[in-house]
1. Can you give me the ranges of the helices (runs of 4 or more DSSP H) entirely in the range 19-127 with at least 3 residues that are surrounded by fewer than 22 Cβ atoms within 10 Å (Cβ to Cβ)?
2. Working only within the range 306-345, note down all residues that are in contact with a helix residue (DSSP H, G or I) (Cβ under 8 Å, 6 or more places away or on another chain), within 15 Å of residue 148 (Cβ to Cβ) and open to solvent by 40 Å² or more (accessible area, probe 1.4 Å).
3. Has the range 150-157 got any residue that is touching a Leu at 6+ places or on another chain (Cβ under 8 Å), part of a strand (DSSP E or B) and open to solvent by less than 60 Å² (accessible area, probe 1.4 Å)?
4. Considering only the range 242-294, give the strands (runs of 3 or more DSSP E) lying wholly within it that have at least 2 residues that are without any contact (Cβ under 8 Å) to a residue 40 or more places away in the chain, open to solvent by 50 Å² or more (accessible area, probe 1.4 Å) and over 30 Å from residue 310 (Cβ atoms).
5. Kindly indicate whether any position in the range 206-213 is free of Cβ contacts under 8 Å to residues at least 60 places away in the same chain, part of a helix (DSSP H, G or I) and within 29 Å of residue 87 (Cα to Cα).
6. Condition first: within 22 Å of residue 80 (Cβ to Cβ), of a type outside the set (D, E, K, R) and more than 27 Å from the chain's Cα centre (by Cα). Can you find one or more residues in the range 240-251 that meet it?
7. May I ask you to say which residue of 188, 209, 228 is modelled with pLDDT of 95 or more and in contact with a Ser or Thr (Cβ under 8 Å, 6 or more places away or on another chain)?
8. Is there a residue in the range 146-156 that is under 26 Å from residue 38 (Cα atoms) and of a type in the set (Lys, Arg)?
Amino acid sequence: MSTEFDVVVIGAGPGGYVAAIRASQLGLKTAIIERESLGGICLNWGCIPTKALLKSGEIYEQLSHLGGYGLSVEKASFDFGKIIERSRGVAKQMSSGIAFLMKKHKIEVVEGEAKLEKGSPSPKVVVALKAGGSRTIQAKNVILASGARARNIPAIGAVSDGDKIWTYRDALAPKAMPKSLVVIGSGAIGIEFASFYRALGAEVTVVEAVDRIMPVEDAEVSKAAQKAFEKRGIAFRIGAKVTKVEKTKDGVSVAVEVGGKAETLTAEKCIVAVGIAPNTEGLEAIGLNMDRGHVVTGKHGETNVPGLYAIGDAAGPPWLAHKASHEGIHAAEFIAGFKTPHVNSPTPGCTYANPQVASVGLTEAAAKAAGIDVKAGRFPFRVNGKAVAAGEVEGFVKTVFDGKTGALIGAHMIGHEVTEMIQGFVTAITLEATEEDLHGIVYAHPTMSEAMHEAALDAYGRVLHI
């Protein structure tokens, strides 16, 4: 086994393994270190298995609405164990796929936990091998893609015990279907688990500290999302401060303050979904510049330590898999000598609940706060032909333009499969499209994406179908 590499990547999540592949493609001798499973949290305990669960929940929930399609089914039921088993099988399949890609690209996989020590021309990587013993690896460049873990709040007792108090990892593979849940946090993770467990019949209450759910989203989308989720039976406590989480004989007790009034919520389980903590402990020892636990990086992922790069969750928000992959590719190309321009492509955000939410760029409020002369357009799916035919009429598309330049600066959607549609607007903003460009594009008919065209038209008083 070689101890000399051009690039060593620490962490085999969606940022790390993609960076390793790109580095290998560019002729760099590459190794990757992973302490658990190839694919990292995303493929094994995050993005992918949650989507498998959500699909099962979506299908089961649809069974109660078959009458509207002229269909019927008797005695619909589910096997919770098999739902979880399918989700874990999907994760295993994807992780195996990463192993194949590592072999295909001749990337050496080192199983163990890495620690960085001072060295030259980059930090030394000392690996506590999973099989026992240790190995020191020296490389010309090191890419840190160590990811993050679920954040607990010990001060109020919101700490996972794997039994009654869960993080996302516990919620992905429980032993039994809970009858009731309190979810702390209404970000993407909290809302997705609330959506899944509600689809299977659990009583779900979501607690959010600020004055609206999904606070990073456009205010109109947040309002529509809460209304849609409440229609499905999910309860919300908005502007609620959690003061104490305690385990009880029958489950869990969550004390909250809403509008100055104390309230106690009880449930069988509690999911703590209040963000992440980066896996960056101890890096100050090599002189690395840090900011609230995240590594400070330049526009190519470079750090103040020669030969060391950082990407993904370790390098700060947004904490998204596709952001990590994008940064990994860019860092690998920069290391290889490519003078790749730093394309400031906007990063889309997606929540795969029912209904789905997707967004990119500035919200209307943020654009106005920045002093931009905003032109906003909206188009509801209830008058979109494909949506009506599919029985998926909930939601809308919203566009935000700079009124002076005509540039598209934001887009926000809620509805069926909008996470598949948002990329059109990501591409448009990246290519600096204006309202004239978007008005002139031919959209296939009938498609739900026609709502994107209509929303762009509406911003300039040209909407056709309302």
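The values are calculated or read from the model by the stated rules, or taken from the named source; none is laboratory data. Small disclaimer: the values here were computed from a predicted structure and weren't measured. When we count neighbours, we look across all protein chains shown, and the Cβ atoms used for this are built from the backbone with ideal geometry, even at glycine. Areas reflect the complete protein model, heavy atoms only, side chains present, ligands, DNA and RNA absent. Shrake-Rupley method; radii C 1.70, N 1.55, O 1.52, S 1.80 Å.
1. 47-62, 80-104
2. Hits for the range 306-345 are 319, 327.
3. From the range 150-157, those touching a Leu at 6+ places or on another chain (Cβ under 8 Å) are none; that's our starting set.
No, there is no match, as no residue in the range 150-157 is touching a Leu at 6+ places or on another chain (Cβ under 8 Å), part of a strand (DSSP E or B) and open to solvent by less than 60 Å² (accessible area, probe 1.4 Å).
4. Passing ranges, in order: 261-267.
5. No.
6. yes
7. Step by step, each of 188, 209, 228 is checked, and only 188 is modelled with pLDDT of 95 or more and in contact with a Ser or Thr (Cβ under 8 Å, 6 or more places away or on another chain).
8. Going through the range 146-156, the residues under 26 Å from residue 38 (Cα atoms) turn out to be 146-152.
After this cut, where a residue has to be of a type in the set (Lys, Arg) as well, the list is 149, 151.
For the range 146-156, residues under 26 Å from residue 38 (Cα atoms) and of a type in the set (Lys, Arg): present.
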